[in-house]
1. Test of understanding: what is the full-extension gain from Lys58 to Lys25, defined as 0.36 nm times their sequence separation minus their Cα-Cα distance?
2. Which net charge results for the neighbourhood of Phe34, defined as the other residues with beta-carbon distances under 12 angstrom from its beta-carbon, given Lys and Arg at +1 and Asp and Glu at -1?
3. Using amide H atoms built 1.01 Å from N in the peptide plane, name the residues 5+ places from Thr13, or on other chains, whose amide H lies under 5 Å from its own.
4. Quick one: angle between helix 46-66 and the longest Cα principal axis of the chain, in degrees between 0 and 90, rounded to 10, please.
5. Over 26 Å between Cα atoms: which of Lys17/Lys65; Lys32/Lys58; Lys2/Lys55; Lys25/Lys55 fall into that group?
Amino acid sequence: MKCYYHPDREAVTRCVKCGKPLCEKCVRKLRKRFLYILWKDYDYCPACYEKEMQKLIKEWREKRKRT
Ligand SMILES: [Zn+2]
Ligand SMILES: [Zn+2]
């Protein structure tokens with residue numbers, strides 16, 4: 001399996017959102033709450049990471065507005 005962005009590099013993981021194979025240079029880790037007390041690292045491609053960050057920032061702002 002080769003990286004989606006680097007055809008000459010071996011992929012180490014896949015994006016959890018779109019399933020693109022990613023090499024260690026392309027993978028973005030995002031830590032998310034898992035089962036309330038545990039945190040889990042999710043692998044994202046740069047594009048999905050951007051989108052996910054935007055979403056988290058938006059959610060965080062909404063939360064702050066309410067309180
Ligand atoms: Zn992706
Ligand atoms: Zn790559």
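Values in this text are rule-based calculations from the coordinates and carry no lab data. It should be emphasised that the depicted structure is a prediction, and the values quoted were computed from it without experimental measurement. Heads up, the Cβs are rebuilt from the backbone with ideal geometry, glycines too, and the neighbour counts pull from every protein chain shown.
1. On the way: separation 33, 0.36 × 33 = 11.88 nm, distance 2.71 nm.
Gain in length upon complete extension: 9.2 nm.
2. Working: positive: Arg31, Lys32, Arg33, Lys40; negative: Asp41.
Within the 12 Å Cβ shell, the charges total +3.
3. Leu22
4. 0 degrees
5. Numbers: Lys17/Lys65 28 Å; Lys32/Lys58 15 Å; Lys2/Lys55 29 Å; Lys25/Lys55 23 Å.
Check vs 26 Å cut-off fails for Lys17/Lys65; Lys2/Lys55.
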